[in-house]
Amino acid sequence: MTIPIDDTDRRLLRYLQADPDLSTAELADRAGVTTATCWRRLEKLRAKGLFKGIQAVIDWRALGYSLEVSLRFSLDKTDPRAFDEFVAAAREVPEVREIQTFLGRVDVRLNILARDMAHYQDLYRSRILTLPHIADIEALMHVADIKRAEALPV
């Protein structure tokens, strides 16, 4: 479902994405509307379900993680429970940051974090290789972010 928004809503969203710590008054000032108008519009957008939530984005490197690895899995599809059981087990691994599913040769991608190579090797052997229904794994070691956009083009 597409939520209709106008140019004023787009301005508010652009400024809010760029600096989520802005107060309503600061946001209104930048967008060229009154504080009351800004507040009403934001409430209307929230009520329509445009905002999924507000979260803190933590720099995982500051917490001692230095490796990011993307693991691509092909699953054994001879068992009808394979997908659900794999995903349920992967959710239990704290270092798994992201789980994505695909159509095609790759069924599931896990994005995991590790403190260092020794931690990754231990995690790989003790938690990843024990996940159920794995037919094939491909590991991609993250080297650099060239573009990682959190903001949407509104």
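Taken together, the values in this text are just the output of simple stated rules run on the coordinates, not laboratory data. Everything quoted here is computed from the prediction, not taken from an experiment. Glycine gets a Cβ as well: all are built from the backbone with ideal geometry, and neighbour counts include every protein chain shown.
Could you list, in sequence order, all residues of segment 75-103 that are more than 24 Å from His119 (Cβ to Cβ) and either under 16 Å from the mean Cα position of the chain (by Cα) or of a type in the set (A, V, I, L, M) (or both)?
Selection gives Leu75, Ala82, Thr101, Phe102, Leu103.
Matching residues to (1) surrounded by fewer than 17 Cβ atoms within 10 Å (Cβ to Cβ); (2) in contact (Cβ under 8 Å) with a residue 40 or more places away in the chain; (3) of a type outside the set (D, E, K, R):
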| position | (1), (2), (3) |
| --- | --- |
| Thr2 | yes, no, yes |
| Leu27 | no, no, yes |
| Thr35 | yes, no, yes |
| Gln55 | yes, no, yes |
| Ala90 | no, yes, yes |
| Glu95 | no, no, no |
| Leu103 | yes, no, yes |
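Tally time: how many residues in segment 37-75 are within 18 Å of Ile99 (Cβ to Cβ) and not hydrophobic (A, V, I, L, M, F, W, C)?
7
Are any residues in segment 57-74 among the charged types (D, E, K, R), under 15 Å from the mean Cα position of the chain (by Cα) and exposed (fewer than 12 other Cβ atoms within 10 Å of the Cβ), and if so, which ones?
Asp59, the sole residue that qualifies.
Can you name the condition, by its number, that Gly49 falls short on among (1) within 29 Å of Asp145 (Cα to Cα); (2) loosely packed, with under 11 Cβ neighbours inside 10 Å?
The failed condition is (1).
For the structure I just gave you, tell me whether Leu113 is assigned to a loop (DSSP other than H, G, I, E, B) and either hydrophobic (A, V, I, L, M, F, W, C) or on the phi > 0 side of the Ramachandran plot (or both). Walk me through it before giving the result.
Values: assigned to a loop (DSSP other than H, G, I, E, B): no; either hydrophobic (A, V, I, L, M, F, W, C) or on the phi > 0 side of the Ramachandran plot (or both): yes.
So Leu113 fails the test.
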